[in-house]
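**Q** Have a look at this one.
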Amino acid sequence: MSVQVSKTAPGKINLFFAVGDVQENGYHPVASLYSSVSLLEKVTVSEGISQGISQSISIAVESPLAEMAASGAFDIASVPLDEKNLAYRGALAVIDAQGLSVEDVSLHLHIEKAVPVAGGMGGGSADAAAAMAAVNEYLVRTGVVATELSGEHLLELAAPLGADVPFALQGGISVGLGVGDQLTPVELSEAIQPLHLVMVPASFGLSTPHVFAELDRGRAVGDYPSTNGLEVPEALLEALRAQSAPIARICEIARYIENDLAAPACALAPELKKTLAIQHEGIISSFVSGSGPTIAFLMDSAESAHQLEAALKRKGRFAVAVEAPSRISF
Ligand code: ATP
């Protein structure tokens, strides 16, 4: 029996995202409050199907959510199938760290996408994280190496692949400083219920670098204010940890939701303002997810989330109810 290893990693939302001014190295320092959501990317590693040709890591991508594919939120054609794919880069980082070279292996990565592509939900980063975890186990199970890399080692390898990759390896809820890669997990008591949100992807993607560039352009001419400080408000963390009545807790969390990329994302895609203005029973707050264009609706309950999802689908709009953080283990 040939060995197959599957691992999952979650998409994310940013409940808070403050962006500092661009540095000389081109990076933006951030203060982020990440939460995983219950949309999981799955990467399965198996024996390569491209032996004999130069590429020793082959990639296939599919979306099990046919509805999402039909909505345009899953634009399979825009996902690279070569070394530009973040899953490839994740796999390669593990292979390198094990002292191997890409010619030493023959792997196939099968990616099942549940997170919208270029949606501001870190789908590619989740693919990188899932591929790292899967290849790490695969190399040991197939006897290529004796010992798996530690979790800490994987985290170190993840940061250079992209600011969101370390979080995708960990999941849960975390404060992210630096470029988002310096993580401090926020521990919540078991008794605390996850938040319920409805994610509404757009039928187009937004490039994260373009949204940051629009922020820089706008700040230079005074269209957008500079951030006051790069800190996740303590009051937001307290609200998350609060054991108060669910609705009081959700309303308190909603007071602090903020995203410096919302205005530039809306400037690049003005139709997002229409989605943000959707009214429905149970919506506590609506906000742009990360660099957009996915819009997140924070709901008062799971029931309201499912009702909004159904109402939007009846209107021909793709929507998906999620929990944050994800309770599904991965
Ligand atoms: P983030 O919020 O982390 O900035 P995103 O969720 O907006 O990212 P992704 O879906 O991660 O966007 O991908 C953005 C671009 O990265 C895609 O348009 C594609 O060209 C490229 N890409 C590379 N690898 C992948 C992958 N495995 N899945 C999707 N896109 C990928």
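The values are calculated or read from the model by the stated rules, or taken from the named source; none is laboratory data. The structure presented is a predicted model; accordingly, all values stated were derived computationally and were not measured. In this analysis, Cβ positions are derived from the backbone assuming ideal geometry, glycine residues included, and neighbour counts consider all displayed protein chains.
**Q** Of the residues in region 242-253, how many are buried (at least 18 other Cβ atoms within 10 Å of the Cβ) and either of a type in the set (Ser, Thr, Tyr) or touching a strand residue (DSSP E or B) at 6+ places or on another chain (Cβ under 6 Å) (or both)?
**A** 1
**Q** From the residues in region 123-167 that are away from the ligand (no atom under 16 Å from the Cβ) and of a type in the set (Asp, Glu), which one is surrounded by the fewest Cβ atoms within 10 Å (Cβ to Cβ)?
**A** For region 123-167, the residue satisfying everything is GLU152.
**Q** Would you check if ALA73 is crowded, with 24+ Cβ neighbours inside 10 Å, at pLDDT below 95 and under 27 Å from LEU197 (Cα atoms)?
**A** In short, yes.
**Q** Do any residues in region 148-171 that are in a helix (DSSP H, G or I) have Cβ atoms under 9 Å from those of residues that are among the β-branched types (Val, Ile, Thr) and surrounded by fewer than 22 Cβ atoms within 10 Å (Cβ to Cβ), where the two are at least six apart or on different chains, and which pairs are they?
**A** Going by the 9 Å Cβ cut-off, the qualifying pairs are ALA159/VAL179.
**Q** Check SER326, SER291, SER301, SER285 and return the single one that is closer than 28 Å to GLU234 by Cβ and touching a His at 6+ places or on another chain (Cβ under 8 Å).
**A** Just one listed residue meets the conditions, SER301.
**Q** Restricting to strands (runs of 3 or more DSSP E) lying wholly in region 211-330: which have 1 or more residues that are of a type in the set (D, E, K, R)?
**A** Passing ranges, in order: 320-324.
**Q** Under 6 Å between Cβ atoms, which residue pairs at least 6 apart in sequence (or on different chains) link something in region 4-32 that is not assigned by TED's automatic domain parsing to the domain that holds LEU215 with a partner that is of a type in the set (Val, Ile, Thr) and part of a loop (DSSP other than H, G, I, E, B)?
**A** Cβ pairs passing all conditions: GLY11/VAL115; LEU15/ILE257; PHE16/VAL232; ALA18/THR227; GLY20/THR227; TYR27/VAL179; HIS28/VAL22; ALA31/VAL232.
**Q** With ALA262, ALA213, ALA239 as the choices, which residue is in contact with a helix residue (DSSP H, G or I) (Cβ under 9 Å, 6 or more places away or on another chain), surrounded by fewer than 21 Cβ atoms within 10 Å (Cβ to Cβ) and under 28 Å from GLY124 (Cα atoms)?
**A** Being in contact with a helix residue (DSSP H, G or I) (Cβ under 9 Å, 6 or more places away or on another chain), surrounded by fewer than 21 Cβ atoms within 10 Å (Cβ to Cβ) and under 28 Å from GLY124 (Cα atoms) holds for just one of ALA262, ALA213, ALA239, which is ALA213.
**Q** Taking region 91-122 as the search range and keeping residues that are outside any helix (DSSP H, G or I) and out of contact with any helix residue (DSSP H, G or I) (no Cβ under 9 Å at 6 or more places or on another chain), which one is surrounded by the fewest Cβ atoms within 10 Å (Cβ to Cβ)?
**A** GLY99
**Q** So which residues in region 180-210 are within 16 Å of the ligand (Cβ to nearest atom) and in a loop (DSSP other than H, G, I, E, B)?
**A** Answer for region 180-210, where residues must be within 16 Å of the ligand (Cβ to nearest atom) and in a loop (DSSP other than H, G, I, E, B): GLY180, ASP181, PRO201, ALA202, SER203, PHE204, GLY205, LEU206, SER207.
**Q** Quickly run through region 1-21 and pick out the residues that are within 16 Å of the ligand (Cβ to nearest atom) and either modelled with pLDDT under 95 or of a type in the set (Lys, Arg) (or both).
**A** The answer is LYS7, LYS12.
**Q** Can you name every residue in region 1-35 that is of a type in the set (A, V, I, L, M, F, W, C), out of contact with any strand residue (DSSP E or B) (no Cβ under 8 Å at 6 or more places or on another chain) and surrounded by fewer than 16 Cβ atoms within 10 Å (Cβ to Cβ)?
**A** MET1
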